[in-house]
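Each value in this text was obtained by applying a stated rule to the coordinates, not by laboratory testing. Everything numeric in this text was worked out from a predicted model, so none of it was measured. Note that each Cβ is placed from the backbone with ideal geometry, even for glycine, and that neighbours are counted across all protein chains shown.
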Amino acid sequence: MDDSVRVVVTADICPNEGLEDELLAGGGARLLGPVKALMDKADLVIGNLETPLCDQEAPIRKCGPNFICKPALAPVLRDLGFHCLTLANNHINDQGTPGLEQTLRVLREAKVAYCGAGMTHEEACRPVVFKIKGRTLAVFNFAEGEFAQAQEEGPGAARLDPWWPERGLQNVRQEVDIILAILHIGNEYQPIPSPLTTDFCRRLAAAGADAVVAHHAHIPQATELFDGVPLCFSLGNCLFGYPYTQERFDAQPSWFLGSAAEIEFPVGDCARLTIHPFKRTPSRALAELSPAGHEAFEEYMERCEDILVDPALHQRFWEQEARELFRGHRKALPGYAQDLNGDDPAKVQRAATILYNLMRCEAHHEVLKRGLRLMHEGRLEDDAGAQAELAVLAERIRQCFAE
């Protein structure tokens, strides 16, 4: 008898742009492709629901799009095999408190477990606990500070801050057998996670997590074994509705490359993590990589992991990513400052919203801070060697789609 508990974690589920209709029409198994077979063999399947499920639009003021999907999606996801949905992300509060409240209600009615959001911040930070094969498994979920995040003790997503996550894990460590922490964190489309991202994941491992999995960056990133605890810094997308176009692929091929984390929790031993990559096809269904694609994925992951093992190398590559990200902010900041001090109320409001988000979200704030530091130290000029190797990693991503 195998007493190991097997958990599959997938990343962002946001079936916008017509994908919702296909799911509601029964096309979920086709869309999930090889991930569905992986889910069917797991004891627990967790997905990241990156949209509210509600009837009425009540979009909050924010940067970026306000998503919404039908409440009928909840039982569909349940029947596809998702036992639990994580809600701590930057879109779960897109339709305000009424939308969040209905989302939580329809998930309860569909008997889909969830964590990471609530009508109070304390509620949002609570884990969901499962009893599997005689063992208790607690799932925690936290997200960086964007507009869905709970403010003070109000409703929203659980805050990934220096206090709540570690305290929560430590409080239940002696009460459960297994702790899995899932984070929504990071800088989008960057192959190398920032030191901030790796530090948050490592801190939760040190606080008592048996495994840590992250998503949000829309690109698979490296894994790591930290003091015996497996960490995955980004899974990439799962079911995101934006249609495949050649233009979008050319601009961001990582958008169409995802992975699922399979975590085995043996009795009396450390957890074991396996990453299963997949690609999204023009039909929007997920598919296996070809042998050549798998080889490119393995080369990509191995090089990323080699970079993270060396702190100096990690710092060097992250600083080059920060230079490139900061370049866009630096160009736009004078315009924001002008609008903020102007007479047009709409422009004042928009500039305040953008600047607030740059200050509030840890990933954006870290880019600004590192970019300004590099300017201060006279090191803003590109690192040609790191830049060239990041280009090689980008090419490896493209090669993952080889037929």
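Points to keep in mind about this one:
- Tally of residues being closer than 23 Å to P52 by Cα, part of a helix (DSSP H, G or I), out of contact with any Cys (no Cβ under 9 Å at 6 or more places or on another chain) and among the charged types (D, E, K, R) across region 1-35: 2
- Residue count for region 339-371 under the criterion of being in contact (Cβ under 8 Å) with a residue 12 or more places away in the chain and farther than 18 Å from K62 by Cα: the result is 5.
- Any hit, region 127-141, residues being touching a Leu at 6+ places or on another chain (Cβ under 8 Å), within 19 Å of I60 (Cα to Cα) and among the aliphatic types (A, V, I, L, M): no
- Residues being more than 23 Å from A11 (Cα to Cα) and buried (at least 24 other Cβ atoms within 10 Å of the Cβ) - total across region 135-185: 0
- Region 334-403 holds helices (runs of 4 or more DSSP H) entirely within its bounds, and those carrying 1 or more residues that are of a type outside the set (G, A, S), under 30 Å from F297 (Cβ atoms) and touching a helix residue (DSSP H, G or I) at 6+ places or on another chain (Cβ under 7 Å) map to 362-376, 384-399.
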